[in-house]
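Read through the structure below, which is laid out as C-alpha cells, and then see the notes.
The values are calculated or read from the model by the stated rules, or taken from the named source; none is laboratory data. Nothing here was measured: the structure is a model prediction, and the numbers come from that model. All Cβ positions, even for glycine, are placed from backbone atoms using ideal geometry, and neighbour counts span all protein chains on display. For accessibility, only protein heavy atoms count, side chains too; no ligands or nucleic acids. Shrake-Rupley method; radii C 1.70, N 1.55, O 1.52, S 1.80 Å.
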Amino acid sequence: MKKTKAVTGLAALTLMAGLFSGCASDNNNATNAAATKAGGNTGTAAEATAAPEGDAAKDIKGDITVITQRTDIVDTVFKDYAAKFNEKYPDVKVNFEALSNYEDQIKIRMSTSDYGDVLLLPTSVAIKDLPDFFEPLGKKSDLEQQYTGLEERTVDGISYGIPITVNFSGVIYNKQVFKDAGVTEVPRTFDQFSAALKSIKEKTDAVPLYTNYAAGWTLTQWEADLATVAGDREYVNIGQVASDDNFVPGQPHYELYKVMYDAAKDGLIEEDPTTTDWESSKADLANGKIGTMMLGSWAIGQIKGLAANPDDVGFMPFPTNAGKILVPLSDDYNLGVSIHSKNKEAARAWVDWFINESGYPTTEGGGMSPVKGAELPEILKQFAGTDITFDTLAPAKAGEEGWVDAIDKEAEIGLWQPDFKKVIIEAAIGNRKQSYDDIMKELNDKWKTARAKIVTAK
Amino acid sequence: MPKLSNMSYKNQRILIIFLFSLVPVVLLLTFSYLPVFKMFQYSFTSWNGLSKNMEYIGFDNYKTIFTKPEYFAVFKVSLYYFFATFVQMGLALYFATILSFNVRMKNWFKGILFFPTLLNGVAIGFIFLFFFKPEGTLNTILDLLGLGVLQQKWLLNPQLINISLAFASVWRYMGMNFIIFLGAISSIGSDIYEASEIDGANRWHQFRHIIIPSIKRILQLNLILAVSGAIGVFEIPYVMTGGSNGSGTFVIQTVDVAFKYSKLGLASAMAVILLGIVVLVTILQRILIKEEK
C-alpha cells in the first residue's frame, strides 16, 4: 500500500533529521532517541546535555520563538524575563507568542513543522509520540539529580520536558466562611468534611461546595485528588493499571466521587450548576460567598488576588480515610524544545533559564519549583511538622508507561475530562434515573473491557 | 510574447473564464474536497490525530459505531431541533409576508429580524447562557410581567433544556429563512396583488393563493436546509452546555471522540455516517415532495 511507503519515508526522514541535528548541536541524545524511535540500532547510552554555562553562553545566538499559554502576562512579565535572559545570553533574540486556547491550537500547529522553538508539551499528545515532536533534554537518570516531576514526560528513559511548576491539589476554602459556620478544625475525613459542608449550609449564606459544573474543565481538578483518597503514591500509575476493579465501592475512585455525589444530593452545591461561571466563582470564593472549591495550587494566587482579605483563602488536603494524608504533587505543563527548531542551543538555554532563574514556577506559576532543594511556597509552611506529606506520584512500572491514559482513551471514560463528573452531578440532583452505583458500574465495565484490550495488545 | 489581443475572441473568452474560475476552484478543492477525501481515508484508520503512523484497520470503526447503540441514542435530541425547524419556518414566513406589504418602519424591522444571523454563534451562546440563568434575563422579565410562577431553571430541568436550546437556535437562524422568503415574495409582481384586490381578495386570500404557490420551491429548499441543519446541530448546545445534562448531539459526540479521546479515525467514521444520513434525508425529501405534485 502507498501509505506504508509514505510512513517509512517519513520515519527515515525523521531519523535523518535527528542525525543531523544531533551532530550540529553536540546533543547525542537526539541521535539516540530518533534512532530508537525509527527502529534502528540504539547504540550506547548517551550523556545528558549539560546546560551551557559561563562563557559558552556568549557563543549561543539566534532567534527563538517561545509559545506560552499565559496571554495575561505575555506582554508584561515575559518581556522582563526576556530582558533578564539577554543579560546572560546577549545574542539570543526571544520572541513570544501566546495562545488563548493553548491545548487545541498547539495541537493543530503540531501537524506542521512550525510550532515555535520552545513550547509547552500538550497533555493530549500521547507520551509515546513525544519523540516525534520534541527534542530530548537528556537522560532522566541524570536530569533527576536536578529536577522533580520528570517522570510524567519521559519516554524510554529520555526526558522531553521539564515542568514549569509543580502543583499540589486539594481543597481551596474560605477561612472566614468556616469560622462563621463554627468549623474550627480543618476537616480531615470524609465525615468531617461533609459535616463541615452541612454547617456552612445551615449557618451561613455561602455555597458550601461550588462545583463549577458549566465550565467543565474545573470538574477535572477532582481527579488530581485520587492519590490523597488512596493515601498511596503508587495507586495512580501502578495500582490502578493492575486492577479490574477501579470503580467499585471501597476503591479510591468510588470514594473520591462519592464526595461530589453526596454534596450534590444533599443540596450543598450551587443552586443551578448548569449556569455557573468560573471567573466570578473565583471572586465569590475570595469574598466569602463560596465555602470550598476543589482546585490546584495554581488557583490560589488568582483567588487571593481578588480577595479583600487574602489571608481568608486557605488550602487543605482533600478529605480521606487513609491512614496518612498525602498531597500529590503533579506537573503543570512541561516545557520542551521543538524538534524542528533551528536554534536548539538557544532554545535549550531558555528552558534552563526559565525553570531555574526566572522565578516563574513559584511566582507566576503559583506552585512549587521543580528544582530540587528550592524553597517551599508560603502557603505550605503551615503544614511543616504535621503528618501531611507532599509527594510526587510514583511513575508507572517499566513497560507500562502511559497505560492509564491508553486505557482511559480506549474506554472513553475520560478521567481528565468533565463528562462523567457531569453525569454524577446530574444524577445527584435528580436529572437522571441512574444511581451513583449505576454510574460507577458502567465506568468499571468500560475500564475492565478496555484494560483487557490494552494489556493484551502491549 | 503572445499578446492577448492577438488571440481570437473565443480563445480570449476561454482563457478569461479559465483564469477567473481557477481561484474559486482551487479554494474549493483545498478546503472542501480534499478534507472530505481525507476524512474518508482517516475513517479506515485508528489514527489519534497526531501520531506519525496511521494504522489501517478496515471497517472496524464503522463496526464499532453500528454495534454500540449509545452512539445513535443522541439523535433523539435532534428531534427537538427538527420540530423547532417548523416553528422557525412558520415565524420566518409570517414576518416575511407582513413585511412585504406596506408597514411603518419596515426596513427597521427587517434589520432587527436579520440581525441575529450576523452575530457569531459563540457570542449567541453566551448571550443565551445569561438569558437562561436562574437570575437571568428571562426570569427577570417573567417576574416584571407578574408571571413569576412561570420562572424556571431553564437549563437545569432536563425536560426544558433542549427546548430552551432549540429556542436559541430558532432565534439565531430565523433571520436567514426570513431573508430568503422575503426575497422570494418580493419577486411577485405588484400587478397580481392589485388584480386580486379588485377581485375582492383579502390579505389571507393573497397569502394562501398567491404567495404560497409562488414561493413553493423556496419553501422546499428552506425545509431541506432546516432538516439537515437539525441533524447536524452543534454550536449552540456546544457553547452553552457542552452537551451536558442530556443536550448532547451527534456532532458534539463526534468532536468529543476526536479531541477528548483522541480517536480521530473513529470520529471521521462518525462524520462519514452523518454525511450519509444528511444525503439520504435530502434525497428522500426530494422524492417525497416530487410525488406530491
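Details
- Residue match in region B:164-171 (condition: away from every other protein chain (no Cβ under 12 Å), modelled with pLDDT under 90 and either within 26 Å of A:Thr276 (Cα to Cα) or open to solvent by less than 40 Å² (accessible area, probe 1.4 Å) (or both)): no
- Across region A:245-277, the qualifying residues are those that are open to solvent by 30 Å² or more (accessible area, probe 1.4 Å) and assigned to a helix (DSSP H, G or I), and the one among them that is nearest to A:Asp438 (Cα to Cα) is A:Lys258.
- Summed over region A:184-221, residues that are at pLDDT 90 or above, among the hydrophobic types (A, V, I, L, M, F, W, C) and outside any strand (DSSP E or B) total 8.
- Checked against (1) surrounded by fewer than 22 Cβ atoms within 10 Å (Cβ to Cβ); (2) out of contact with any strand residue (DSSP E or B) (no Cβ under 9 Å at 6 or more places or on another chain); (3) within 14 Å of chain B (Cβ to nearest Cβ); (4) touching a residue at least 40 places away in the same chain (Cβ under 8 Å), A:Thr218 passes all but a single condition, namely (2).
- Counting only residues that are closer than 27 Å to B:Ala123 by Cα, modelled with pLDDT under 90 and not in a loop (DSSP other than H, G, I, E, B), region B:145-163 holds 1 of them.
- So A:Leu197, is it open to solvent by less than 30 Å² (accessible area, probe 1.4 Å), touching a residue at least 60 places away in the same chain (Cβ under 8 Å) and away from chain B (no Cβ under 14 Å): yes
- Filter result (facing another protein chain (nearest Cβ under 8 Å) and not basic (Lys, Arg)) within region B:132-156: B:Phe132, B:Pro134, B:Gly136, B:Leu155, B:Leu156
- Qualifying residue in region A:415-426 (condition: more than 21 Å from the chain's Cα centre (by Cα), within 14 Å of chain B (Cβ to nearest Cβ) and touching a residue at least 24 places away in the same chain (Cβ under 8 Å)): yes
- Residues satisfying the criterion are absent from region A:427-444 (criterion: within 22 Å of the chain's Cα centre (by Cα), modelled with pLDDT under 90 and either more than 14 Å from every other protein chain (Cβ to nearest Cβ) or assigned to a loop (DSSP other than H, G, I, E, B) (or both)).
A quick yes/no check of all residues on (1) assigned to a helix (DSSP H, G or I); (2) over 22 Å from B:Phe83 (Cβ atoms); (3) over 24 Å from the mean Cα position of the chain (by Cα); (4) within 14 Å of chain A (Cβ to nearest Cβ):
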| site | (1), (2), (3), (4) |
| --- | --- |
| B:Ala201 | no, yes, yes, no |
| B:Trp204 | yes, yes, yes, no |
| B:Leu223 | yes, no, no, no |
| B:Ala226 | yes, no, no, no |
| B:Ala230 | yes, no, no, no |
| B:Gln253 | yes, no, no, yes |
| B:Ala258 | yes, yes, no, yes |
| B:Tyr261 | no, yes, yes, yes |
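- Among the residues here, B:Ser190 does not qualify as at negative phi and touching a residue at least 12 places away in the same chain (Cβ under 8 Å).
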